Amino acid sequence: MPNMPQTMHAVHLTGHGGYDKLCYREDVAVPVPGPGEVLIRVGAAGVNNTDINTRIGWYSKTVTEGTVGNASEAGTDSSDLSDGAWSGALQFPRIQGADICGRIVAVGGGVDARRIGERVLVEPCLPQGDAEFCYIGSECDGGFAQYATAPAVNSYPIDCTWSDAELAGIPCSYSTAENLLTRADLKAGETLLVTGASGGVGSAAVQLAKRRGARVIALAAASKADDVLALGAERVIPRDADLLAALGSGCVDVVVDLVGGEQWPLLLETLKPKGRYAVSGAIGGPIVSLDLRTLYLKDLSFFGCTMLDPQVFPNLVGYIERGEILPALAKSYPLREIAQAQEDFLRKAHTGKLVLIPEE
């Protein structure tokens, strides 16, 4: 790669544990794109729950609590945790960062060189087969660096006026939200209940559901109600409210849940007969109590959502280019301030996305 630097600034995750496991370095080798890959100069990369969950080893079945609160020292400091990542043991050091927005600066074998210079947004969930996947920043290196490689086919050209920081809020959160709505088959005129509606995925789900013509009821902190209403929610219920007292039973077509925790059984009570429940997070706690009679007597359908349906990411790019959704950027930080960004993320005082900007 002529005229390319040999080293770059990047954040290495060196093991499971606290913020001390995030090592900002200025001497990391710039990756070389392999066959079918492109090299991207990263413009910005978003902060997501999955970054913190992976750092603290939360995906391990030995962890039963949620991630709400301060996770600076949560989890385990064991670097050989066998199930600390999405698909098992994580290989360290790892460059995290599922959200990659930037420009292609080099291509690997089999990739058209005319793609150099393209502004791209990278799909974070890379299928590896019928039952396997690679998630960027977990099973392979991601965007918490000045440069990152990605499969050319998953690097989507995008033409819009959004800044890199605004676009960096899209890949993980919005693809997760759109996948939840797609899998649950949310239709115009239906009523959707979204938990954790002020976070990255939750706020994306509000926007994307509104775009589909659904009626959106959101669970969020009372202090963020105005922000969530501005995104398209018709009603915001405080997250600590009595859900059945506020809504009644059997009034919701679809629940998109990112929280889990103690109030989980009430979510099912809000669903109509033949309602659909879709989940892709459990920040309030992964262990819940299910009365199987509720499941079968109401003919409910459950959807666990990780691997993206193939139409999800190209649809998102189209929504952006046609101006059908708006960015929801809360704040950006220099990459070297990753620990502060994650600490602020865990305080949950923001609505939308927090984003890291690599140094020039």
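The values are calculated or read from the model by the stated rules, or taken from the named source; none is laboratory data. None of these values were measured; they are calculated from a predicted model. Cβ coordinates were reconstructed from backbone atoms using ideal geometry, including for glycine residues, and neighbour counts include every protein chain displayed. Quick note on the areas: whole protein, heavy atoms, side chains included, nothing else; ligands and nucleic acids left out. Shrake-Rupley method; radii C 1.70, N 1.55, O 1.52, S 1.80 Å.
Please report the orientation-averaged projected area of the range 239-278, defined via the convex hull of its C-alpha atoms, in nm².
2.6
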Per the helix-only calculation at 222 nm, which mean residue ellipticity applies to the chain, given -39500 (n - 2.57) for every DSSP H run of n ≥ 4 and division by its residues, nearest 500 deg cm²/dmol?
-6000 deg cm²/dmol
Whose amide H sits under 5 Å from the amide H of Tyr147, counting only residues 5 or more places off or on another chain, with H placed in the peptide plane?
Val42
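Holding the Cα-Cα limit at 30 Å, pick out from Lys187/Lys353; Lys187/Lys224; Lys61/Lys224 the pairs that are longer than that. Each step should come with its number before you reach the end.
Numbers: Lys187/Lys353 26 Å; Lys187/Lys224 26 Å; Lys61/Lys224 32 Å.
From the list (Lys187/Lys353; Lys187/Lys224; Lys61/Lys224), the Cα-Cα distance tops 30 Å for Lys61/Lys224.
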With every protein chain left in place and a probe of 1.4 Å, what is the accessible surface of Met4, to the nearest 10 Å²?
30
Quick one: accessible surface of Leu295, probe radius 1.4 Å, all protein chains present, in square angstrom to the nearest 10.
50
With a cut-off of 8 Å between alpha carbons and a minimum separation of six or more residues, what is the relative contact order of the chain in percent?
19
Could you order Lys274, Lys187 by accessible surface area, starting with the largest, using a probe radius of 1.4 Å?
Lys274, Lys187
With unit charges on the beta carbon (Lys/Arg positive, Asp/Glu negative), name the residue among Ala230, Gly108, Asn53 whose Cα is farthest towards the positive pole of the charge dipole of the chain.
Ala230
What's the carbon and sulfur percent of the chain's accessible surface, probe 1.4 angstrom, rounded to a whole number?
50
Roughly how many whole Å is it from the C-alpha centroid of the range 36-61 to that of the range 90-114?
13
Restricting to the chain, what percent of DSSP beta bridges are antiparallel, rounded to 5?
55
Return the single residue from Asp227, Asp240, Asp344 with maximal mean-square fluctuation; model: Gaussian network over the chain, springs between Cα atoms under 10 Å.
Asp240
Please report how far the C-alpha centroid of the range 182-209 lies from that of the range 298-360, rounded to the nearest whole angstrom.
14
